[in-house]
Structures are given as C-alpha cells and as structure tokens.
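J.: My questions will all concern the structure given below.
The values are calculated or read from the model by the stated rules, or taken from the named source; none is laboratory data. All values reported here derive from a predicted model rather than from experimental measurement. Don't worry about glycine lacking a Cβ; one is built from the backbone with ideal geometry, like all the others, and counts go over all protein chains shown.
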Amino acid sequence: MAKYTYYPVTPNTKPRMTRRDKWADRPCVVKYREYSRDLQHLGLTLPVGCHHIVFVMPMPASWTEKERDKMRHQPHQQTPDRDNLDKALLDSVFVHAKGGDAHVWDGRITKIWGDRGAVLIGEIPPPPMDDIIYTLEQRGLSL
C-alpha cells in the first residue's frame, strides 16, 4: 500500500502565456504563479521512480450539504483535465531543474472531490515491464 504525502494547496492549471504576461497581471496567470510558489514553498517533491498524484478538487460553495456528502471522495470528471493539472504541477516542481521534467517517465493521476483543495503524492510500484515487452514482441515490435 502506497504512503501519501499531503500538500494543502488547491490544484490549478497553467494558462497559455504570452510575452505580455511578464508585465500584465492577468488573473489566471497570477493564480498559477501563486500555485507554483505555494508548491515550491511546501517543498513538494516527486518520488524518483513511479508516482501517484491525487488532485483533491474543492467542491463549489453553492452545493448543498446533501450534494457535498454524496460527492465527497468521488471521481472528479470535469475540467480541469488531469493532464493539465499534471503539467502545471510538474512545471512548478521542476522549474529550476536542468532538462525540466523530461526524466519523469511514469506516473498515475487521480482527481477526486473534497471539502478543500489538496495534492497527495505517493510512490507506487513500476509497471510490469515483462508483460509490456511480451505484448510488444507478440505484435512483432522489437525494442
């Protein structure tokens, strides 16, 4: 069973940025920069091997208590997309790393609803490479 590290920060995506964003403070860019700074301040790190990132998305304040009870810890199946959340997190964590996030080769992403936003990160076992190689060889693909 994987052990997860909890980071109390609301997940966010990275907006498309232009040169103008260096001096103009668009709200989406300001929000992303705050998110990135928060991740760095919290010392968020990823396991060297395979990782599982759980994005806990905050439920809207407009939901009733009944809706909140029903949706708590259920899959979050709407925007933002998981790949956009992953990219924003990786860009924030490896902003100063040589080569960026190119060394990240395996990771699982999960989005769930929660009372407040958070990011959980755990280390998971690597995929069964023997099974993957066998499947490729059965298809006539060599490595």
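J.: Which condition breaks for V54 when tested against (1) part of a loop (DSSP other than H, G, I, E, B); (2) at pLDDT 80 or above; (3) among the hydrophobic types (A, V, I, L, M, F, W, C)?
T.: That leaves (1) as the condition not met.
J.: Further question on the same structure: For D25, state whether it is farther than 29 Å from P125 by Cβ, within 15 Å of the chain's Cα centre (by Cα) and free of Cβ contacts under 8 Å to residues at least 60 places away in the same chain.
T.: Spelling it out, it is not the case that D25 is farther than 29 Å from P125 by Cβ, within 15 Å of the chain's Cα centre (by Cα) and free of Cβ contacts under 8 Å to residues at least 60 places away in the same chain.
J.: Being part of a loop (DSSP other than H, G, I, E, B) and loosely packed, with under 10 Cβ neighbours inside 10 Å is the filter here; which residues of the range 61-72 pass it?
T.: Within the range 61-72, A61, S62, T64 meet the criteria.
J.: Now a separate question. Does at least one position in the range 100-112 carry a residue that is at pLDDT 90 or above, touching a Ser or Thr at 6+ places or on another chain (Cβ under 6 Å) and either at negative phi or assigned to a strand (DSSP E or B) (or both)?
T.: no
J.: Do you know which of the residues in the range 73-97 that are small (G, A, S) and part of a helix (DSSP H, G or I) is farthest from R37 (Cα to Cα)?
T.: Selected residue: A88.
J.: Just name the residue that is surrounded by the fewest Cβ atoms within 10 Å (Cβ to Cβ) out of those in the range 10-32 that are hydrophobic (A, V, I, L, M, F, W, C) and touching a Pro at 6+ places or on another chain (Cβ under 8 Å).
T.: This residue is C28.
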